[in-house]
Each structure stands twice: as structure tokens, then as C-alpha cells.
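This report concerns only the one structure given below.
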Amino acid sequence: MKALFLILTLSALSLQAIYADWVIVQKTVTDGKADEMIIKAKGSKTRTDIGTKMSLISDSTTGDIITLMHEQKILMKMNPDSMKGLMAMAGSLLNKNEPPAKPTATGKMEKVGTYDTEIYTWSSKLGSGKFWVAKNFADFQELNSMQDKLMKSMANPLATLVPQNSDFPGMVVKSEISIMGKTAISELISAKKDPVDDAVFIAPEGYQEMKMPSLPGK
């Protein structure tokens with residue numbers, strides 16, 4: 001259950017499948033654990049480093065995802081079929097009859113770092129959330145669109161159960177989301193269009209591959 005929550009919240013928080021060179025830094029607190037998340041994106045490839053212990057390398061063209069566990073020097077590979085199977089299992093644990101979630105503007109304004117934001121809220125039987133939206137964030141339409149496409153391409157059950165990035169008239173620079181009794185908090189520190197070296201998307205040498213555990217019924 002903890003691993004499932006991590007996958008769901010990472011896909012909801014991270015800015016993956018960005019079709020340009022970007023370096024994004026976020027401060028996150030997931031299930032009570034604080035980390036810095038650094039996202040490097042180049043074309044269809046994305047690397048997400050969660051603290052110093054774990055990294056995810058994904059390719060939105062092929063749908064492949066590599067998970068790196070640095071302390072153990074272990075890597076796990078997941079192809080699109082495996083990911084969709086995992087997301088289908090996640091969907092079975094959620095309320096599929098829940099109507100599509102839409103955020104509501106509160107009209108309250110608040111400064112988050114250097115950004116002027118408006119606060120939006122959301123609630124359903126699945127959970128609740130609070131979002132700080134910067135409407136003058138440059139290129140927010142591109143970032144929001146690519147994030148939503150990735151979630152839908154992975155058949156992520158959260159794609160229709162929580163607010164989509166394109167539901168907001170700006171960039172979510174901070175969020176507090178409670179799902180399945182657990183809370184994930186994310187705050188954007190920086191987002192820059194910087195050149196990204198292709199080498200960061202290659203699994204390091206000396207890591208031993210561990211097979212993904214079989215899903216129930218497989």
C-alpha cells in the first residue's frame with residue numbers, strides 16, 4: 001500500500017513528459033517524509049531524483065520507466081503493459097464511480113515564494129486538496145498539458161479522480177493533497193529552461209536489475 005501511494009502521488013506531483021529541456025526543483029513531503037525532488041526533462045525523456053535514495057527515468061514515447069534505488073544499487077524496469085497493470089490494480093482500490101474532480105477558486109490570494117497565487121480547493125470521497133495557482137507563470141499551458149497527457153497515457157486512475165493540471169488557469173506552485181488517508185505536500189522552488197545532458201537518462205553501471213514482482217492474477 002505504501003508503494004502504491006508513492007507511485008500515485010509521484011505521478012500527481014511531478015512534471016513529467018515535458019517536451020523541452022527543463023530543470024525543475026520541488027520541495028516535497030510525502031507520507032511525512034521531507035525530500036527535495038529534482039526533475040530533468042529533455043524531449044520525451046525525464047529523470048526525477050527524489051532525495052538521494054531514489055530516481056525514476058521515464059520515456060513518454062516508449063512508456064518505459066526505470067527505477068533506481070541508489071543505496072542498494074538496484075534498478076527495476078517497467079514497460080507500458082506492467083505500468084497499466086499496476087495502475088489498473090490501483091484503480092480497483094479507488095472509487096471508480098466518483099465523478100470527475102474539479103477545483104474551486106476561493107478568491108483568496110497568497111504569496112508563495114516569488115509567485116502571486118490564488119488558492120483553489122478540491123474535495124471528494126477519495127480525498128481533498130488545496131492548490132496555490134500562479135496565473136502569470138510563463139509556459140504554464142505547455143507544462144500542464146504535458147503532465148495531463150502522461151497521466152492518461154499510463155492509465156493512471158488519478159487522471160479522472162483528482163483535479164487535472166489543465167483545470168487550473170495557471171501553474172500549481174504549491175499543493176497539499178490527502179488521498180487514502182495519507183498526505184503529500186509539494187512546493188515549486190524553481191523551474192528553468194536549461195540544457196540537460198543525455199547522460200542523466202542512462203542507468204549507471206554497477207546496478208543489479210531486480211525483476212518487478214508479479215501482479216495478482218498474472
- Query: Counting Lys +1, Arg +1, Asp -1, Glu -1, what net charge surrounds residue 188 among other residues with beta carbon under 10 Å of its beta carbon?
  - Reply: +1
- Item | Kirkwood Rh in Å, taken over the range 40-83 so that all alpha-carbon pairs contribute | 10.8 Å
- Task: Grab the other residues whose beta carbon is less than 14 angstrom from that of residue 25, score K and R as +1, D and E as -1, and report the net.
- Result: +1
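Quick note: the coordinates plus some simple rules give every number you see, no bench work behind them. What you are looking at is a predicted structure, and each value in this text was computed from that prediction instead of being measured. Every residue, glycine among them, receives a Cβ derived from its backbone with ideal geometry; neighbour counts consider all protein chains shown.
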